[in-house]
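Below: the structure, in structure tokens.
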Amino acid sequence: QVQLVESGGGLVQAGGSLRLSCEASGRTFSRVAMGWFRQAPGKEREFVAAIHWSSGSSYYAASVKGRFTISRDNAKNTVYLQMNSLKPEDTGVYYCAASRAGWGLFDHGVYDYWGQGTQVTVSS
């Protein structure tokens, strides 16, 4: 089992920034990649970004590319999501997830473990 705990959400004005953190514990050696997803009220959960833990290769949804940056700290077993130039449409609950697979990272179905989520609200 891998436990994931997110932090860093909050309320910010449009154009502002937030940094989300997700600390992993437990059987972290089984983790190949980690990702961030978000879910707005009444909408399906959608992919935001993902990173291969060993190589650091990263992937982004088109809607956040150029504004968000995913990174990881091996020593701290933590993945980050730096969010800049935030827009009201970025509002939602952001979830951290860990996958034992190294492919198909845009699909929430390949992730084995999920955090509890952290709320991000961007006001206009």
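The values are calculated or read from the model by the stated rules, or taken from the named source; none is laboratory data. Everything quoted here is computed from the prediction, not taken from an experiment. We place every Cβ from the backbone using ideal geometry, glycine too, and count neighbours over all the protein chains shown. All accessible areas refer to the heavy atoms of the entire protein, side chains included, with ligands and DNA or RNA removed. Shrake-Rupley method; radii C 1.70, N 1.55, O 1.52, S 1.80 Å.
Tell me, which residue of the range 73-111 that is at pLDDT below 95, charged (D, E, K, R) and more than 17 Å from SER21 (Cβ to Cβ) is nearest to the chain's Cα centre (by Cα)? Result: ASP107.
Being within 17 Å of LYS76 (Cβ to Cβ) and among the polar types (S, T, N, Q) is the requirement here; does SER25 meet it? Taking the combined requirement at face value, the residue satisfies it.
Look at the range 69-101 and say how many of its residues are in a loop (DSSP other than H, G, I, E, B) and out of contact with any helix residue (DSSP H, G or I) (no Cβ under 9 Å at 6 or more places or on another chain). Of the residues in that region, 8 qualify.
Within the range 102-117, the set of residues being outside any helix (DSSP H, G or I) and small (Gly, Ala, Ser) comprises GLY102, GLY104, GLY115, GLY117.
For the range 94-118: of the residues being hydrophobic (A, V, I, L, M, F, W, C) and open to solvent by 40 Å² or more (accessible area, probe 1.4 Å), which is farthest from LYS65 (Cα to Cα)? Checking each candidate, the answer is TRP114. Just so you know, in the range 4-35 the residues that are basic (Lys, Arg) and outside any strand (DSSP E or B) include one that is nearest to VAL122 (Cα to Cα), and it is ARG31. For the range 76-93, a residue qualifies if it is surrounded by fewer than 19 Cβ atoms within 10 Å (Cβ to Cβ) and among the hydrophobic types (A, V, I, L, M, F, W, C), and exactly one does: VAL93. Going by the structure shown, is VAL48 open to solvent by less than 60 Å² (accessible area, probe 1.4 Å), farther than 25 Å from GLN1 by Cβ and not in a loop (DSSP other than H, G, I, E, B)? No. Close Cβ contacts (under 8 Å, 6 or more residues apart or on different chains) running from residues in the range 17-43 that are of a type in the set (Phe, Trp, Tyr) and at pLDDT 95 or above to residues that are surrounded by fewer than 17 Cβ atoms within 10 Å (Cβ to Cβ) and part of a strand (DSSP E or B) comprise PHE37/GLU46. For the range 53-68, a residue qualifies if it is outside any loop (DSSP other than H, G, I, E, B), out of contact with any Gly (no Cβ under 9 Å at 6 or more places or on another chain) and either open to solvent by 60 Å² or more (accessible area, probe 1.4 Å) or among the hydrophobic types (A, V, I, L, M, F, W, C) (or both), and the qualifying residues are LYS65, PHE68.
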